[in-house]
Ligand SMILES: [Zn+2]
């Protein structure tokens, strides 16, 4: 059993000018890790299923201290109006509104996430809240919520991320000024990646020059980090084209005999002219020719999630265009740094390249309705 939920801290909201820092207390209710084994079959390159377990923690803030300052005008006015009234009435005449304490249930679908995979954080609160958070102490998480009560963030784990624990910090704010802060961590475990060697013609190999690739990489990161806040997809992604996979995501790459990073997408074999389809609904945020990636379409699915379609022969969409799942984006080709005609399909979460295949098997946008009912019933 993993005990990765190691600490809960509660702090008063510092945006509030009322002095309640010394008064606010938090009950920390812990629900033992349930250890439910779910059969999510994450397939890495070797196709081995990886059992995942769930980790859940419930935290609660007591509201009495927080609400006390707002009740002070009431007792003072009562006292001046009726000084001779029965003193015993005074204590009962101070109506301290009992605001339900802010509660949050925080759940990781799995406390362990493979390199190049996606971790899911689900948070349910008993009244409307806003969430923010960081992973690795600096990378911002995209939280999205359909109703202010149910929140979710996807954590893209880099294919070359160091193994071990990565700190995860969440801050939950309610409209009335209560705040819960929560520190935990996810454990990065090794992905199973292979290595491959690529040989290019001298002409194509020129594109490996950092003078060409770096400005393009910077440009791509700007696009990947400009996602819309709300998720616009539901359910599973579809294959953008059918064909043999010729290079898996995460493959360590040797160009001209030297290690040159890893494969940030999935290569699907096909013929020039084959129609390439949108893997999920979204908005086109890039549709142009680049030197290394060739003719590229990038779709923003919201909440930090984007998909990329590289080396196209023709582009059939425009920036700003909304596309549905299965809508044609263009034609497969061999533009840019390639050895032949294929589609390079890429998935990004918070700017981090992750395994596209996971999106065909896992519904990352699903909200846990059973948690909603559980919190409402308490
Ligand atoms: Zn590729």
### Filter result for residue 200 (surrounded by fewer than 16 Cβ atoms within 10 Å (Cβ to Cβ), part of a loop (DSSP other than H, G, I, E, B) and either without any contact (Cβ under 8 Å) to a residue 12 or more places away in the chain or within 16 Å of the ligand (Cβ to nearest atom) (or both))
yes
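Quick check on residue 254: is it away from the ligand (no atom under 16 Å from the Cβ) and either in contact with a strand residue (DSSP E or B) (Cβ under 6 Å, 6 or more places away or on another chain) or at pLDDT 95 or above (or both)?
Working: away from the ligand (no atom under 16 Å from the Cβ): no; either in contact with a strand residue (DSSP E or B) (Cβ under 6 Å, 6 or more places away or on another chain) or at pLDDT 95 or above (or both): yes.
In short, no.
Determine whether residue 326 is in a loop (DSSP other than H, G, I, E, B), farther than 17 Å from residue 222 by Cα and within 13 Å of the ligand (Cβ to nearest atom).
On the way: in a loop (DSSP other than H, G, I, E, B): yes; farther than 17 Å from residue 222 by Cα: yes; within 13 Å of the ligand (Cβ to nearest atom): no.
For residue 326, the condition - in a loop (DSSP other than H, G, I, E, B), farther than 17 Å from residue 222 by Cα and within 13 Å of the ligand (Cβ to nearest atom) - is not met.
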Conditions (1) surrounded by 15 or more Cβ atoms within 10 Å (Cβ to Cβ); (2) assigned by TED's automatic domain parsing to the domain that holds residue 334; (3) assigned to a loop (DSSP other than H, G, I, E, B); (4) modelled with pLDDT under 90 -> residue 230 fails only (1)
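Could you tell me whether any residue of region 154-164 is in contact (Cβ under 8 Å) with a residue 40 or more places away in the chain and either under 16 Å from residue 129 (Cβ atoms) or not assigned by TED's automatic domain parsing to the domain that holds residue 116 (or both)?
no
Is at least one residue of region 281-289 within 21 Å of residue 351 (Cβ to Cβ), assigned to a loop (DSSP other than H, G, I, E, B) and away from the ligand (no atom under 12 Å from the Cβ)?
Filtering region 281-289 for residues within 21 Å of residue 351 (Cβ to Cβ) gives 281-288.
Add one more test, that the residue is assigned to a loop (DSSP other than H, G, I, E, B), and what stays is 281.
Right, trim to away from the ligand (no atom under 12 Å from the Cβ) and you get 281.
The answer is yes; a qualifying residue exists.
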Note on residue 333: of the conditions (1) buried (at least 24 other Cβ atoms within 10 Å of the Cβ); (2) over 21 Å from residue 355 (Cα atoms); (3) away from the ligand (no atom under 16 Å from the Cβ), unmet is (3)
Apart from one, (1) within 16 Å of the ligand (Cβ to nearest atom); (2) over 25 Å from the mean Cα position of the chain (by Cα); (3) closer than 20 Å to residue 243 by Cα all hold for residue 315; the odd one out is (1)
Filtering region 303-314 down to residues that are buried (at least 21 other Cβ atoms within 10 Å of the Cβ) and not in a loop (DSSP other than H, G, I, E, B) yields 305, 306, 307, 308, 309, 310, 311, 312
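Which residue out of 237, 249 is away from the ligand (no atom under 15 Å from the Cβ), assigned to a loop (DSSP other than H, G, I, E, B), assigned by TED's automatic domain parsing to the domain that holds residue 222 and surrounded by 24 or more Cβ atoms within 10 Å (Cβ to Cβ)? Break it down stepwise before answering.
Working: 249 fails: away from the ligand (no atom under 15 Å from the Cβ).
Checking each option against the conditions leaves just 237.
The values are calculated or read from the model by the stated rules, or taken from the named source; none is laboratory data. This structure is a prediction, so every number in the text was calculated from the model and none was measured. A quick note on method: Cβ atoms are made from the backbone with ideal geometry, for glycine too, and the neighbour counts reach across all protein chains shown.
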